[in-house]
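Input: a single structure, listed below in structure tokens.
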Amino acid sequence: MTLKSCWTCRDRKVKCDLGLPSCDNCRHRKIRCQGYGLRLSWPRKGDQRRAVEFKSTVKQEKHMLATLYQHSLFQNMTKWDMDLFYELSEAKPNLTYTKMPIPPAPPSIPSLRLRDGESGLLQYFIDMGSRLLILDNLGHLTGCILQLAFYDATPASDAILCSLLTLSSLHLARTEAAMMYKIRALSYLQQSLKLGNIGPRSLQHFMASMLLYLCETFHISSSTKEWAEYLCGAKQIIALGVVAPGAHIDLSMLFDWVSYHEAFALFGLVYWKPAVALRGMNFCAMDPEAARSFVPRHNFGCDRQVLGYTSSIFTSLVPCIADGVKPSHLQMQELYTLEAKLRAGLLGSKLSPIPSGEPSQDHDQATELHRLGALIYLNRAVLGYSGEEPRHKILVDKGLGLLCSKLTYIPSWPAFVIACEAREDSQRMTALEILTKAGEEPRSYNMRLLRRLVEACWNQDDLHDEEALDYHMKLRIAIRTAPHVPPFS
């Protein structure tokens, strides 16, 4: 539609000469000509002919802005905010203070530190950490490891990250990937050690060493004995008292962790190379000041008292086994006291009827297995039992019965000590079935090795039917014939 005048002349209600680009009327009067284009106009207040009315309820009219623009202006609003807004607007005498919903924080995992394919391995560790760490039923230790792995972007954190990726790869039977991550972990650990073993870094070095130790126990090559070196390195960090509290980590749980593995590593070393076990025990002795802060609380693996009694037995016997002498009178009195404490706990222990698979039930059964293993070992190693005594056979039968129950994990050392005492064919068939089933999982390479050691002990018992072989000699023969020092933790 063509206009008959410019907008300025039209507003002035005068005739326009339609001059271009502006009319002469506006030019002579020296006013701005608004031209001949399209001009928008808005309805005035009360103009019912041009205005569009929105019929709504009283509440909607009261909050018309919120209703019309709820999808654009209120994108960050929640239902909780709107409900509270309506209550305040209606001026209710008694307001109901609904609790504010706080969404859980997403996991803080810097994706830039993960390469292609590594996020799946990390998620596998997060989901299966309690199984990978063997005795972490409640997941506390898994949380500590992840916290230290992403504590910062230093080589120490990268060493932990690569170590846990190694552990996940081994559990998934990805041997080549595991070796690659292990090499990277060792490289990062070496870089970090050059920076010093101080502050939170010492805690990260400890964690990386323990993870590498677990990697070696999960998958040991035919010639390596590095697991003992990693464990000794972790224990040395604690022994020197350089582990500084950092990243809000409960140090007592870490002490329990390494204490459990150290106790049963000492058992394997004393029969593998007694002199090395004696040197390692003296070398990794804790500083007195650090020892005072060593307060086991978490019952890692089994009850801390049972673990303490078992560790005391090993500590007392290591010098005797290394030198080939019998315990002194004072040592015998201490060992008799330990036996009495272990038997008292055995008589008073009653497994509660909790469904199998519960963490508390697993812990009770693991404690009972360690108690039975300690008593059986004490009978044979110190008290001169031949293994034919009825009192001793009762312990063996009870131990085999517990091993047949549904356990999420079979502890290596009690299984080895109990299975070695099987004399009858039915007992040996039961023990073989237990060890074979436990060795079917990829992570149980050490359990398959323990089966061979148990069979070697049985063969020596059968060959020395007329004259019994010394118990320490039998264990020494079996363990020393292994391709590497066996881990019993």
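The values are calculated or read from the model by the stated rules, or taken from the named source; none is laboratory data. The shown structure was predicted, so the numbers you read here are calculated from the model rather than taken from an experiment. For neighbour counting, all protein chains shown are included, and Cβ atoms are generated from backbone atoms with ideal geometry for every residue, glycine included.
Among residues of the range 132-162 being farther than 22 Å from residue 412 by Cα and acidic (Asp, Glu), the one that is modelled with the highest pLDDT is 158.
Looking only at the range 142-162, decide whether some residue is of a type outside the set (Gly, Ala, Ser), in contact with a His (Cβ under 7 Å, 6 or more places away or on another chain) and in a helix (DSSP H, G or I). No - not one qualifying residue is present in the range 142-162. In the condition set (1) surrounded by fewer than 13 Cβ atoms within 10 Å (Cβ to Cβ); (2) modelled with pLDDT of 85 or more; (3) closer than 30 Å to residue 131 by Cβ, residue 473 is compliant with all but (3). Checked against the criterion of being at pLDDT 90 or above, assigned to a loop (DSSP other than H, G, I, E, B) and out of contact with any Gly (no Cβ under 6 Å at 6 or more places or on another chain), the range 389-408 contains one or more residues that satisfy it.
Looking at 72, 89, 41, 108, just one residue is among the hydroxyl-bearing types (Ser, Thr, Tyr), loosely packed, with under 13 Cβ neighbours inside 10 Å, within 30 Å of residue 149 (Cα to Cα) and at pLDDT below 80, and that residue is 108. Of the residues making up the range 297-337, those that are part of a helix (DSSP H, G or I), hydrophobic (A, V, I, L, M, F, W, C) and more than 21 Å from residue 362 (Cβ to Cβ) number 10.
Among the residues of the range 21-42, the one identified as among the aromatic types (Phe, Trp, Tyr) and free of Cβ contacts under 8 Å to residues at least 24 places away in the same chain is 42. Reported count of residues in the range 417-442, each being surrounded by fewer than 21 Cβ atoms within 10 Å (Cβ to Cβ) and in contact (Cβ under 8 Å) with a residue 40 or more places away in the chain, is 1. Any residue that is of a type outside the set (S, T, N, Q), modelled with pLDDT under 75, in contact with a helix residue (DSSP H, G or I) (Cβ under 9 Å, 6 or more places away or on another chain) and closer than 22 Å to residue 141 by Cβ - is there at least one of those in the range 258-271? Checking the range 258-271: not a single residue is of a type outside the set (S, T, N, Q), modelled with pLDDT under 75, in contact with a helix residue (DSSP H, G or I) (Cβ under 9 Å, 6 or more places away or on another chain) and closer than 22 Å to residue 141 by Cβ.
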